[in-house]
Each structure stands twice: as structure tokens, then as C-alpha cells.
Amino acid sequence: MENRPKYFTEEHELFRSSLKDFLTKEVQPHINEWEENRQIPKSIWKKMGEMGFLGLSYPEKYGGSNLDFFYDVVFNEEIGKMNSGGFTITQQVVQYMSGPYILKYGSEELKQKYLPGIISGDLISCIGITEPGAGSDAQNIQTKAIRQGDHYIVNGAKTFITNAYYGDFVVTVVKTPMEGNPHAVSLLVIDLDSEGIAKRKLKKLGWHASDTAELNFDHVKVPASNLIGKEGKGFEYLMNGLQLERLCFIPCSVSTMEFAIDSSLQYMSERKAFGRSINKFQVLRHRIARLATEVEVLKAFAYYCCHLYDQNIYDVKLCSMAKLVCTELHEKVATQCLQFYGGYGFMEEYPMARMYRDVRVGTIGGGSSEVMREIISKMVMDDINYQQAEGNVRGKSSQHHSISPFKEEHHLFRQSVRDFLKKEVSPYLDEWERKGECPRSIYHKLGEMGLFGLAFDEKYGGSNADIWYMVVLHEELARINSGGFAAAMGAHFFLAMVHINGEGNEEQKKKYLPQGIEGQLIGCLAVTEPFGGSDVKALRTTAVKEGDSYIINGSKTFITNGVNSDYIVAACKTAPELGAQGVSMILIERNRKGVSATKLDKLGWRASDTGEIAFDNVKVPTENLLGIENMGFYYIMEHFVSERLSMAVGAVAVTERALEMTIQYMKERSAFGRTLDKFQELRHRIAQMSAEVEMNKQFVYSLYEKFENGEYLVKEASMAKLSATQLSDKVTFDCLQMFGGYGYMEDYPLARMWRDSRLGQIGGGTSEILCEIISKMMIEGKGYKTETPSRK
């Protein structure tokens, strides 16, 4: 499941190769021994220090390499593949959870005393926050440090402290009462061999290779010079540092999940049941396809969050979202991959037993899933913004915004589209929904706005705009809450016209594209057939050549714009004996004799006219053939990527809009003496959905960037459409629930939105078909042609 996006350079990959070789030779053979001994020898960290694998982003003056954060991403990905949470967490605690507080806020004396040691591997550090009675609630800790002259006297206890038993020092969160602030919190570096410290090694469910301990401080004398930063600023420092702690979990967890999926695929190819290898069973194939999809979506989001951090953009919300989704998905992947192994998954000699134990702490450490949802809900619903504390590793100025693929001109275009739709479309949607169709006049108006011509050449009246204008248009059409209107417009310019532009000859383009761009001629694409679905191989509509004409017979169904369009781009069998390779795309004018259509009554998408089209001995000139005869299957496959990406980005926009409307409703609606947005259960539900929506959005954007660069993304686009449309179904359902009885009323927006979203998992390839495509590419290595055969 290797996938290296733009974030990694050749230098990153050379580093990856070196680290991978080291881990394979020096770590992998000893993991089981370390797990059994419940201890990792310090010698391995010294070897890693000597190789320059530690302190990657730390300054050179302390022995670090001063590299960009994606070297740390590589580091975490590769140690994650060792499938030992105990090995992984040991050095994560040192490099990302304790050392950074000294680096960012510590005095030069502290930096010189401790940082060279953790970078060389000679010192092992830990972070002491959690207490027996306070959990990770740093503001309510009981461990106190009272200043006496040039020392602090520390009393209290910490628990669940990774590295505390065999480690060298602990960055400790202590209460330092100050005048006017009796609950002030500070950070102290305490050497673990100090007099008055008692340690108790804890027995854990997982992470066996790491040591975890409870610490008791009984009048421990700590030099005042070991104070990190300013007294009373500890809570601010923690809030800043926790984002890095949460962030480092993610690439490591993703690579461990990929390891689980790859290991499971290998096992499934070798394990036989009922006379065949278990990777032939569709239920298992689809299950692993769905898991791989979720991991791929998360991976893109993880890289995006890491990129923000590398650019010194402080985004608590996104880091919390990523940690929440990542750790919960890790549990799911471990559970389901163990299931693939059957009884062997329960055996310690196979990899999944250890992973299953290790991942359970993910939703607890670094802030539990419940804490993450609380943070997200405050930011999403209450507009709370967490500010970055002083101090910076790289010395860059802080920013408080995300990185967007959109430029200023795209934002201006978005606003113009939004204003147009608000004025010319939204007031009439209810009427069009009742009538079951959009008037031709609205096509004309969109044409006048230039919205149909974004993707087409200027010589046909288009604007030849970059792909992000199309993304904006898909998003804005989706946001107005009429799947039917968006589908009617999209079927015209994004399906029918795209085929003419892609396969048509110059004469066909000149005849249809200018009028289509103006909204004067309306088109539709007809592939699906009654009882045949979208199985191109099984198409029964035939086009038999007679002289300089085709005689077309058959029918198509579920065709958007199928009743009122002016022309039909139809997939027809011109060589039935060739199966899928005998399909051609033929342009059929609506007014030809023998063409008829019946309007269909639908659950949703009511503003679009959807029809069943019949062809009864329809005579069409051979010059209406689009492209080369019998190449229709390749043309359809060629356009499926863009179609599925457009459906994915539209589905994400729908879910965003659903959440916006629901949050607004919750702020206005009262029950049991308070507004709905004050109920924690509902808040956490909103937080979970918000995280999943943001993750899917960044995944789709990452694919558009690749698509713009010419990559042909059959598997990835299938994953995007699968994930986003399932999410749209889920979010609209849950948002409708939050509206209560009003959600069931057509006067409120969620009823239509929920109905419309249901088609997402059907059109453009059902979720089941997408799972079949993904599983074939993963298991059989089946490829889909990335280029249409020569049209010469």
C-alpha cells in the first residue's frame, strides 16, 4: 500500500531506506524477546542515535539534524511497521512528548543538560501528567512543587507513565501555587534517580516492550533551575505540546494499519477453506476493500495535518480530529484483520494478537476519544479557538489558518456562484421539486454565467479554467440542497458534454459544445439498462450498421435528463460477440423517429427529470459515432475517475451543509430548559461527524491535486466515492435525527437532503461495485487501462 505524495523528496526516501534497513536488521529480530522481557535495552537507542535517527528536527547545536517534519513522519511510519506498540511509544515519548517542552521553553542550561543525551540515545525521558485521582486533567492535578530557596520540594504521585521505570528523567506537571493563582501549573524536569522517588512497575494489557510505572514523590528536592519556562505557564505549554503528541500517533498508526492489511492479504492468499483460498470470498474481499479505503482516506488527512505542522500552522481542531479518527480506526482494523486470521489471529505467534492488544490504549492516551470530541465540539459549535503558547521549534511565525488548494480567484468565483444560485435557483427549488424537472430557462442562465464552459476550450465558448473552478462549482451546486438540480446540471455539462469533448471529432464538437455551453442544447448520458445496471459487458442495446447508418434497438433506464434533453450519448453494442470490448458511444438526437421516454417517479432528486428511454429501430447516421467503434468501454472507464471524484466532492459538500444547518438549529431549539447544543451526547455526535467530513474533504482535495497532474486514479477515486457517499448517507441520517420530528417534515431541509443523499451509493457505480474494483486491484493486482487506445 505504498503511496508517496508530494510531501516526500528523494532525500526523504533515502532516509526511509536507511532507517528501514536498520530496523530490519537491528530491531525486528529482537521484538519478541523485548516483548517477553518487558524491557528494551538502552543499547538499541544508542545505536539509533549513532545512526542519526533521533533528534531529526532538533537543532544541530544539541546534536540534532534540524530537518523538516516529514523526516519525523518517515521515522514514525517505519517504526510503526515493527508492529510493537511498546517499541514505538518508547521513543515517541522521548522525541515528541517530553523533549520538545525543554526545547521550546527550557533555559539554555536545561537544553544543554538533557537534549544531547536524548538525541544520542544515552538518556530516556518521560512525561508525567496523569495522576491516580485526576487522570489527564492537568488543571486538577494534586502533585505540588513548593519553592524553598533555590529548590522546589515535590510531593505527589503520577501514574501510567511510559518510560518511568527504566528512564532517566521525567518532565513533570506540578502545581506551583502563586499569589492570585493557587492552582497555577508548571513544568519541572525531575531526575528519576532523585532521593524520595519510589517507582512501581505496572502490568499492562499491551505495549509489553515498554516499561510503564507509577511514581511517588516524597519531599523530592529539585533545583529551581529545572523549571521549564515560566512558573505558572505549564498548562499553556501543555496545550501547545499536546498537538505534536497527538500528531505523531497518526503516521505511525497508519503504517501499522497498512502492515495489518498487507499481512492479512498475504495470509488470505495462502489460507484455503472450502477448496479455495479465502481471498476469493467476496465478503472478505469487500471487507478488506472498505478497511483499505478508510485507511487511505485517513492517510491523506494525516499528511495534510503534518504539512500544517511543518509550516508551523497551529490547528488544534484538525490534530484532535485526526487523533480521534485514527485511533478508533486502528482498533477497527486490528479487530477485523484478526478476524481474517481466524483461530490463528488469537495466537501470539501471529502478528494480529499483539496488535489487537497494543491498539487498545490509542483511544485513551494523549487525550481519550471523549476528550477529543469535547475539544472538537467546543471549536465547531462554540467557536472556541485555542491559541499557541510562546516558543517555537523552527522559529517561524505562527499562523492560524489552514492551507487551501484554492486561490483568491477561486474564492471570488465561489462567491459569484453562491450569489447566483441564491438569487436564481434557491427561491424556485420547491416548485421544481414538485414539478419533477428544471425549466430550460435555468440552463440558459447558467450558460450565460459561463458555468457550463469551465472545462472546455475557448474556441467553443468555454473558459478552459483549471480544475479547481470545477471543484468549486460541484461544491456550490451540492450546497443548495437539491440533489436533483445538481444532477440535472451535472448530467448535461459534466457527463454528456464531456464525452463529446473527449471522443467527438471537430465537427461534432462545433455542433454541440457551443450550444451546450450556452445552455441552449441539453444532453444526457445513457449507459444503465433495465435489469442490467451498469454492467457494460451485459449491455443489450444494439447498434447494427446498415450502410451509412446504425439501427438502434434497446432501452436505457435511470437516465438523468432522460426525458427533456435534446440529445443522448448512448452506450450501444456494435459488436455483441466482443462483450465489453464491443461497445460504442453514439450520439442520438431526441427528435429521431423511434426514440421515446417515460418519466420515472423517484425517492429523491425530484428536481431532475429521470427517465427510461426506449429505442425502436432508431436510424442514426454513422457520423454520430463518438470516437472509434468498439472503444466505448474504454471511454466510459476514462471518465469514471472524474465522475466519481465529482460525486465524492459533492457528497462532502452536502455533509458540510447538513452539519451547518443542524448546528444552527440546535442553537435555536430548546428542550428540558436548555438549547440542544448544550447536550453532550449531541455535541459529541456532531464532533465525530465533523472529523469524518474534514478527513474526507482533504482526501478528495489530495486526489484532485494528483488528477490535475495527470495521474489516473481508478482505485483512489473509487475509494473517495465509496467513502464520501457512505458518509453523506450517515451524516444526513444523524442530522435529521437531531431535528427530531421536524426533520421528518418537508418544510425543513433535512428530509430532502436525506432522500437525495441515498442515491450517492448507487449512481456512478454502487458501493458494492466500488468494493469489487478496489479488491481486484488490491488482491489480484488487476489494473485498469490508464489510457484510451489510440484514436488514430
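Computed values, structure above
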item	result
Where HIS492 falls short, out of the listed (1) in contact with a strand residue (DSSP E or B) (Cβ under 8 Å, 6 or more places away or on another chain); (2) closer than 23 Å to LEU454 by Cα; (3) free of Cβ contacts under 8 Å to residues at least 60 places away in the same chain	(3)
Residues (in a helix (DSSP H, G or I) and touching a Ser or Thr at 6+ places or on another chain (Cβ under 8 Å)) located in region 734-767	CYS735, MET738, LEU750, ARG752, MET753, TRP754, ASP756, SER757, GLY760, GLN761, SER767
Flag if GLY345 is of a type in the set (Gly, Ala, Ser), surrounded by 17 or more Cβ atoms within 10 Å (Cβ to Cβ) and under 18 Å from GLU270 (Cβ atoms)	yes
Test for ILE762: is it closer than 15 Å to LEU645 by Cα, open to solvent by 20 Å² or more (accessible area, probe 1.4 Å) and β-branched (Val, Ile, Thr)	yes
Members of region 449-479 found to be open to solvent by 20 Å² or more (accessible area, probe 1.4 Å) and hydrophobic (A, V, I, L, M, F, W, C), listed by number	MET449, ALA455, ALA465, ILE467
Residues that are part of a loop (DSSP other than H, G, I, E, B), open to solvent by less than 50 Å² (accessible area, probe 1.4 Å) and not hydrophobic (A, V, I, L, M, F, W, C), drawn from region 410-448	GLY436, PRO439
Per-region count, region 134-179, residues open to solvent by 30 Å² or more (accessible area, probe 1.4 Å), within 22 Å of LYS113 (Cα to Cα) and either in contact with a Pro (Cβ under 9 Å, 6 or more places away or on another chain) or among the basic types (Lys, Arg) (or both)	3
Members of region 76-94 that are closer than 19 Å to GLY241 by Cα and without any contact (Cβ under 8 Å) to a residue 60 or more places away in the chain	GLN91
Subset of region 648-683 that is surrounded by 20 or more Cβ atoms within 10 Å (Cβ to Cβ) and among the basic types (Lys, Arg) - its residue that is farthest from MET379 (Cα to Cα)	ARG657
Test: residue in region 288-301 that is in contact with a Lys or Arg (Cβ under 6 Å, 6 or more places away or on another chain), among the small types (Gly, Ala, Ser) and in a helix (DSSP H, G or I)	no
Boolean, SER98 is in contact with a Gly (Cβ under 7 Å, 6 or more places away or on another chain), farther than 17 Å from VAL254 by Cα and either crowded, with 22+ Cβ neighbours inside 10 Å or not aliphatic (A, V, I, L, M) (or both)	no
Residues within region 563-584 that are surrounded by fewer than 24 Cβ atoms within 10 Å (Cβ to Cβ), among the polar types (S, T, N, Q) and in a loop (DSSP other than H, G, I, E, B), tallied	2
Qualifying position, being touching a residue at least 60 places away in the same chain (Cβ under 8 Å), surrounded by 14 or more Cβ atoms within 10 Å (Cβ to Cβ) and out of contact with any helix residue (DSSP H, G or I) (no Cβ under 9 Å at 6 or more places or on another chain), among ILE551, ILE517	ILE551
Selected residue (only one of LYS706, LYS715 is closer than 25 Å to TRP468 by Cα, basic (Lys, Arg) and open to solvent by 40 Å² or more (accessible area, probe 1.4 Å))	LYS715
Subset of region 596-620 that is of a type outside the set (Ser, Thr, Tyr) and open to solvent by less than 30 Å² (accessible area, probe 1.4 Å) - its residue that is farthest from TYR550 (Cα to Cα)	GLY604
Yes/no for ASP315 being within 28 Å of PHE75 (Cβ to Cβ), modelled with pLDDT under 95, surrounded by fewer than 21 Cβ atoms within 10 Å (Cβ to Cβ) and in contact with a helix residue (DSSP H, G or I) (Cβ under 9 Å, 6 or more places away or on another chain)	no
Breaking point among (1) over 22 Å from TYR114 (Cβ atoms); (2) among the basic types (Lys, Arg); (3) assigned to a helix (DSSP H, G or I), for LYS6	(3)
Boolean, MET239 is over 18 Å from CYS771 (Cα atoms), open to solvent by 20 Å² or more (accessible area, probe 1.4 Å), of a type in the set (A, V, I, L, M, F, W, C) and part of a helix (DSSP H, G or I)	yes
Selected residue [assigned to a loop (DSSP other than H, G, I, E, B) and within 28 Å of ASN312 (Cα to Cα)] from TYR71, TYR58	TYR58
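The values are calculated or read from the model by the stated rules, or taken from the named source; none is laboratory data. Values in this document were obtained by computation on a predicted structure and should not be read as measured data. Positions of Cβ are backbone-derived with ideal geometry, glycine not excepted, and every protein chain shown enters the neighbour counts. Ligands, DNA and RNA are stripped out before the accessible areas are found, and what is left, the full protein with its side chains, is counted by its heavy atoms. Shrake-Rupley method; radii C 1.70, N 1.55, O 1.52, S 1.80 Å.
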